[in-house]
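Take a look at the structure set out below.
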Amino acid sequence: MPVPSDEELRNMRVNYRRAALDEAQAPATPGVFFRQWLAEALRGGCDEPNAFILATVRDGKPRSRVVLLKGGGDDLVFYTNHESDKGTELEQRPWGCATFLWLPLERQVRVEGEITRTSAETSDAYFASRPHGSKIGAWASPQSRVVESREVLEAAFQRARERFPEGTAVPRPANWGGYVLRPTTWEFWQGRENRLHDRIRYRAEAGGWVRERLAP
């Protein structure tokens, strides 16, 4: 497959015409708005509509990766290894930004806020709901650590599978669990023609939300 040239990259663009977003469409609370858009993304043919880019900070430098939303609406809940890069970064600086991109709908949602661990009970309940193989993977993978080879990782998976055979209960590893992002800012973005996109932001202020339009 040929690599696109700089000229081809410069000429890649889409003139968004699917929808518009104005203040009259925006509910008073952003959590309600988010759940509406998430439901439309689910019905609208978006691949993995609960996937989002999570940005954290290490030593003053931004880092990001894609994770999956597993709960919330007013808050956002996701799960990972606490000793992973994102886990250790959140221990050092418990703030982050989540970005959802739903290209078929020409929409984006960006959420900023403080991120803390969920309760052990919440983590236990979600872990128990996972497929058996995913549970075994959580035990086998030293997430974000250097491994010598794929074979080393697969051998660790096999040892964990022998320890917890199919049909047996698999306890949640102590270093694995949930996080909850409690938003202080939401931004809803709808692509528009000629790059005059619609951007509606909600800011937490005095126990409520201030809704305002941003220039594209």
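Looking at G177, G167, G208, just one residue is more than 25 Å from E114 (Cα to Cα), small (G, A, S) and either in contact (Cβ under 8 Å) with a residue 40 or more places away in the chain or out of contact with any strand residue (DSSP E or B) (no Cβ under 7 Å at 6 or more places or on another chain) (or both), and that residue is G167.
Looking at segment 121-130, can you tell me whether even one residue there is modelled with pLDDT of 95 or more, farther than 19 Å from L68 by Cβ, within 21 Å of the chain's Cα centre (by Cα) and not β-branched (V, I, T)? Looking through segment 121-130, none of the residues is modelled with pLDDT of 95 or more, farther than 19 Å from L68 by Cβ, within 21 Å of the chain's Cα centre (by Cα) and not β-branched (V, I, T). Of the listed requirements (1) in contact (Cβ under 8 Å) with a residue 12 or more places away in the chain; (2) closer than 21 Å to L181 by Cα; (3) assigned to a loop (DSSP other than H, G, I, E, B); (4) not aliphatic (A, V, I, L, M), C46 misses just one: (2).
Screening the candidates V67, V32 for the property of being at pLDDT 95 or above, surrounded by 12 or more Cβ atoms within 10 Å (Cβ to Cβ) and more than 28 Å from E212 (Cα to Cα) yields one hit, V67. If the condition is being within 21 Å of the chain's Cα centre (by Cα) and basic (K, R), then segment 167-198 contributes only R182. Restricting attention to segment 81-100 and to residues that are in a loop (DSSP other than H, G, I, E, B) and touching a residue at least 40 places away in the same chain (Cβ under 8 Å), the residue that is nearest to V146 (Cα to Cα) turns out to be S84. Residue count for segment 51-80, restricted to those that are outside any strand (DSSP E or B), within 14 Å of the chain's Cα centre (by Cα) and free of Cβ contacts under 8 Å to residues at least 40 places away in the same chain: 1.
Considering R161, R117, R110, R150, the condition of being of a type outside the set (V, I, T), more than 22 Å from the chain's Cα centre (by Cα) and surrounded by 16 or more Cβ atoms within 10 Å (Cβ to Cβ) is satisfied by R161 alone.
For R201, the conditions (1) surrounded by fewer than 20 Cβ atoms within 10 Å (Cβ to Cβ); (2) under 21 Å from the mean Cα position of the chain (by Cα); (3) touching a residue at least 60 places away in the same chain (Cβ under 8 Å); (4) over 23 Å from G71 (Cβ atoms) all hold with the exception of (3). Checked across segment 4-23, the condition of being of a type in the set (S, T, N, Q), modelled with pLDDT of 90 or more and surrounded by 14 or more Cβ atoms within 10 Å (Cβ to Cβ) holds for no residue.
The values are calculated or read from the model by the stated rules, or taken from the named source; none is laboratory data. This one's a predicted model, so the numbers in the text were calculated from it and none came from an experiment. Please note: Cβ atoms are built from the backbone with ideal geometry, for glycine as well, and neighbour counts cover all protein chains shown.
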